[in-house]
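Worksheet: the structure to be examined is printed underneath.
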Amino acid sequence: MKKYKWGVIGTGKIANRFATALNNIADEAEFYAVGSRNQSTAEDFAAKYNAKKAYVGYDALMADPDLDVVYIGTPGKFHHDDVVRALEAGKNVLCEKSLTSNASEAEDLIKLARSKNLFFMEAMWTRFFPIHVRIRELIADGALGDVRGMVANFSAKVPGGPNDINRFWDVNLGASALLDIGAYGISFASSLFGKPEEINGVAYMGEAGFDYQNSSSIRYAGGRIATIMASQISYDVKETIIFGTEGKIEIDDPWYKPVSMTLTKAGMAPEKIEYPLDGFNGYEYEIREVQNCLSAGEKESTIMPLDESLEVIRTMDELRSQWGFKFPGEK
């Protein structure tokens with residue numbers, strides 16, 4: 001398989017983790033270039049993670065003819081414009097979740113990627129962890145009987161507070177517990193149950209003008225129901241239960257980047273299932289998915305397809321509409 005050359009734009013916390021993952025599988029993928037708005041930041045990041053090139057400005061990075069694929073690690077508010085830059089430059093793209101701020105922006109990007117015949121995927125890394133792969137296999141094999149629903153919790157206090165200017169607290173940068181952490185549960189439910197038939201939610205809108213915590217109940221075909229809680233102001237709760245007519249799966253904390261779960265079938269003793277990361281941080285799995293798709297000539301992932309990413313964002317649009325929450329400048 002070809003060893004693809006990766007470029008990373010953004011040098012924040014997630015970009016650091018992604019660069020670490022590239023180095024963890026350096027025999028498979030090459031961290032080739034980083035782009036930042038600041039020269040010294042770009043150079044320091046490149047030196048830290050052994051990237052060959054450091055670019056000032058994202059356009060300069062994307063113009064590099066040797067670059068195969070770009071990872072967008074900037075705050076969500078900027079995803080649309082940054083992905084457009086990459087696609088217009090003819091680059092394949094992996095964009096951090098949530099893909100965009102709203103469905104209109106996502107539709108625009110998907111249309112552009114398809115017109116350019118380029119690979120494009122949302123970096124919903126959870127789907128590619130070995131445990132989540134195993135969960136899909138167990139459900140397909142009927143281990144739980146008829147799956148009836150799930151309960152997903154993702155509560156975690158974020159650093160800082162309402163007066164801080166960062167992606168967690170500044171609504172101008174896309175701050176939202178729903179888009180930042182609620183998206184995990186909504187996307188997971190989507191992978192299990194498909195398109196929603198009914199969406200209901202409540203939220204606590206904090207003084208900074210966005211949802212600090214929220215809860216949604218979503219009904220799917222056949223009466224399946226997912227209950228999803230997300231909070232950035234509460235103590236850590238990161239566990240999920242999937243339940244069916246013949247059993248349940250309990251994914252241990254943290255369920256969105258798991259290493260263990262318990263399968264319980266009716267009339268049988270619980271079975272502990274573990275998949276240690278063995279030095280990985282988890283981003284390696286989505287990197288491999290991108291490279292597998294590129295090597296196969298595929299422009300979308302069947303595990304995280306673009307139409308499903310769009311449906312997840314439409315679900316979050318509907319929830320925000322119920323709460324009367326729009327981002328600044330959003331129509």
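The values are calculated or read from the model by the stated rules, or taken from the named source; none is laboratory data. Keep in mind that this is a model prediction, so the values were computed, not measured. Every residue, glycine as well, gets a Cβ built from its backbone with ideal geometry; the counts of neighbours run over all protein chains shown.
Miscellaneous remarks
- Enumeration of residues in region 299-315 that are in a loop (DSSP other than H, G, I, E, B) and surrounded by 13 or more Cβ atoms within 10 Å (Cβ to Cβ): K299, E300, S301, I303, M304, P305
Yes/no matrix, rows are residues, columns are (1) out of contact with any Cys (no Cβ under 6 Å at 6 or more places or on another chain); (2) without any contact (Cβ under 8 Å) to a residue 60 or more places away in the chain; (3) not basic (K, R):
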position	(1), (2), (3)
Y275	yes, no, yes
D278	yes, yes, yes
E284	yes, no, yes
C293	yes, no, yes
R314	yes, no, no
K326	yes, yes, no
G329	yes, yes, yes
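- Strands (runs of 3 or more DSSP E) fully within region 202-283 counting 3 or more residues that are closer than 29 Å to V171 by Cβ: 211-219, 225-231
- Residue list for region 72-118, filter: part of a loop (DSSP other than H, G, I, E, B) and of a type outside the set (D, E, K, R): G73, T74, P75, A89, G90, S98, L99, T100, S101, N102, N117, L118
- Within region 216-238, being buried (at least 18 other Cβ atoms within 10 Å of the Cβ) and within 19 Å of K157 (Cβ to Cβ) holds for I228, M229, A230, S231, Q232, K238.
- Residue tally, condition modelled with pLDDT of 95 or more, in a loop (DSSP other than H, G, I, E, B) and charged (D, E, K, R), over region 316-331: 1
- Any chance A175 is of a type in the set (A, V, I, L, M, F, W, C), over 22 Å from D253 (Cβ atoms), within 19 Å of the chain's Cα centre (by Cα) and surrounded by 24 or more Cβ atoms within 10 Å (Cβ to Cβ): yes
- Selection status of I165, in the same structural domain as K248 (by TED's automatic domain parsing), without any contact (Cβ under 8 Å) to a residue 12 or more places away in the chain and on the phi < 0 side of the Ramachandran plot: yes
- When K116, K77, K111 are checked against the criterion of being charged (D, E, K, R), within 25 Å of V312 (Cα to Cα), in contact with a helix residue (DSSP H, G or I) (Cβ under 7 Å, 6 or more places away or on another chain) and modelled with pLDDT of 95 or more, K116 stands alone in meeting it.
- Residue count for region 12-32, restricted to those that are free of Cβ contacts under 8 Å to residues at least 40 places away in the same chain and of a type outside the set (G, A, S): 7
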